1. Select from the range 7-27 the residues that are out of contact with any Lys or Arg (no Cβ under 7 Å at 6 or more places or on another chain) and among the small types (Gly, Ala, Ser) and write down the one among them that is surrounded by the most Cβ atoms within 10 Å (Cβ to Cβ).
2. Being part of a helix (DSSP H, G or I), among the aliphatic types (A, V, I, L, M), at pLDDT below 95 and within 20 Å of Phe15 (Cβ to Cβ) narrows it down to one of Leu74, Leu62, Leu55, Leu40, so name that one.
3. Every residue in the range 15-37 that is over 17 Å from Lys57 (Cβ atoms) and either of a type in the set (Val, Ile, Thr) or outside any helix (DSSP H, G or I) (or both), please.
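The values are calculated or read from the model by the stated rules, or taken from the named source; none is laboratory data. All values derive from a computational prediction rather than experimental measurement. As a convention, Cβ positions derive from the backbone with ideal geometry for all residues, glycine included, and neighbour counts pool all protein chains shown.
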Amino acid sequence: MNYKIGVVGSEDAVFPFSTLGFATFSPKETSEIRRQIQLLAKEGYGIIYISEDYLAKVPEVLSQYDQDIVPVILPIPAVADTDRQSFGKERIQKMVEQAVGTNIL
């Protein structure tokens, strides 16, 4: 089965992905972000990238889809978010620690 790739985030964050041909979405309100991700999952998107600033508004979507094979929800760094440790990096470290029993990163 062929899956589509979608990207959700601010216009600045999703623009580079649109040049690669990915479907991009820039909802403004928190409820719209949640609804957009649910719609993409329902429409058969296999990978959904979401900018960290948007993910911070709807963190429950990660746990909602964590046990599903599809879609895979992947955080991407926000354009203006350079001063704090990346949410995506923290998530990967946690997953590695769960898998191998210690943080090896």
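1. Our first condition is that a residue be out of contact with any Lys or Arg (no Cβ under 7 Å at 6 or more places or on another chain); within the range 7-27, this holds for 7-22, 24-27.
This time we only want the ones that are among the small types (Gly, Ala, Ser), so: 9-10, 13, 18, 21, 26.
Working: Gly9: 26, Ser10: 16, Ala13: 24, Ser18: 12, Gly21: 8, Ser26: 18.
Result: Gly9.
2. On the way: Leu74 fails: part of a helix (DSSP H, G or I); Leu62 fails: within 20 Å of Phe15 (Cβ to Cβ); Leu40 fails: at pLDDT below 95.
One residue alone meets the criteria, Leu55.
3. Quick first cut of the range 15-37, residues over 17 Å from Lys57 (Cβ atoms) only: 15-24.
Correct list: Thr19, Leu20, Gly21, Phe22, Ala23, Thr24.
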